[in-house]
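Working notes, beginning with the structure itself.
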Amino acid sequence: MPIRTVMVVDDSATDRHVLADMLTSAGYAVIALASAEEAELRIRTERPDVILMDIVMPGKNGFEATRELQRNDATRDIPVIVCTSKSQPTDRIWALRQGAREVVVKPVQRKHLLETIARLA
């Protein structure tokens with residue numbers, strides 16, 4: 001299935017803007033949201049093909065949100081790419097254990113991000 005729509009969930013307006021710019025310039029439609037709670041509401045009406053999920057956010061963190069998405073029958077087929085500044089090997093392992101398909105470390109390299117998304121298609 002081709003990936004056309006990417007949901008970016010990040011509390012940093014700057015990171016949302018940078019990621020959205022990278023993705024729109026590559027032809028993707030982007031839904032940019034500031035929190036995991038907002039993503040949970042919007043995912044019901046706007047079905048993204050993939051989700052880029054930050055980890056460190058106020059309220060529900062990205063690990064919790066990823067785990068909940070993967071446990072829900074209605075959303076478990078949506079691949080989650082954790083996009084975080086947390087670069088320790090244990091962070092990667094924990095993200096994958098929560099159900100993330102991949103981990104991309106900030107600052108994000110455009111080529112790496114686009115290749116990662118393409119692999120999930």
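The values are calculated or read from the model by the stated rules, or taken from the named source; none is laboratory data. These figures come from a predicted structure and were not determined experimentally. Counting neighbours? That spans all protein chains shown, and the Cβs are built from the backbone with ideal geometry, glycine included.
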Pair list, Cβ < 8 Å and 6+ apart or interchain, from region 22-39 residues that are polar (S, T, N, Q) to residues that are buried (at least 19 other Cβ atoms within 10 Å of the Cβ) and not in a strand (DSSP E or B): Ser35/Met57
Those residues of region 43-59 which are under 18 Å from Ile78 (Cβ atoms) and more than 14 Å from the chain's Cα centre (by Cα), in sequence order: Arg44, Thr45, Glu46
Looking only at region 29-63, count every residue that is farther than 24 Å from Ala118 by Cβ, among the aliphatic types (A, V, I, L, M) and not in a helix (DSSP H, G or I) and tell me the total. 3
Take region 69-111 and flag every residue that is touching a His at 6+ places or on another chain (Cβ under 9 Å) and either at pLDDT below 95 or farther than 26 Å from Thr14 by Cβ (or both). none
Specify the residue that is farthest from the chain's Cα centre (by Cα); the eligible residues are those in region 1-28 that are among the acidic types (Asp, Glu) and assigned to a loop (DSSP other than H, G, I, E, B). Asp11
Has region 56-73 got at least one residue that is without any contact (Cβ under 8 Å) to a residue 24 or more places away in the chain and either of a type outside the set (A, V, I, L, M, F, W, C) or closer than 18 Å to Thr24 by Cα (or both)? yes
Could you tell me whether region 71-80 includes any residue that is part of a loop (DSSP other than H, G, I, E, B) and polar (S, T, N, Q)? yes
Go through region 112-121 residue by residue and tally those that are touching a residue at least 60 places away in the same chain (Cβ under 8 Å) and in a helix (DSSP H, G or I). 5
Matching option when the condition is of a type in the set (Ser, Thr, Tyr), at pLDDT 95 or above and under 19 Å from Ala118 (Cα atoms), among Thr5, Thr66, Thr14: Thr5
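Matching residues to (1) in contact with a Pro (Cβ under 7 Å, 6 or more places away or on another chain); (2) surrounded by 15 or more Cβ atoms within 10 Å (Cβ to Cβ); (3) at positive phi:
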position	(1), (2), (3)
Ala20	no, yes, no
Ser25	no, no, no
Ile31	yes, yes, no
Thr45	no, no, no
Pro48	no, yes, no
Only one of (1) in a loop (DSSP other than H, G, I, E, B); (2) surrounded by fewer than 18 Cβ atoms within 10 Å (Cβ to Cβ) is not met by Lys86, so which one is it? (2)
Of the candidates Gln88, Gln98, Gln109, the one satisfying the condition of being closer than 18 Å to Tyr28 by Cα, free of Cβ contacts under 8 Å to residues at least 60 places away in the same chain and not basic (Lys, Arg) is Gln109
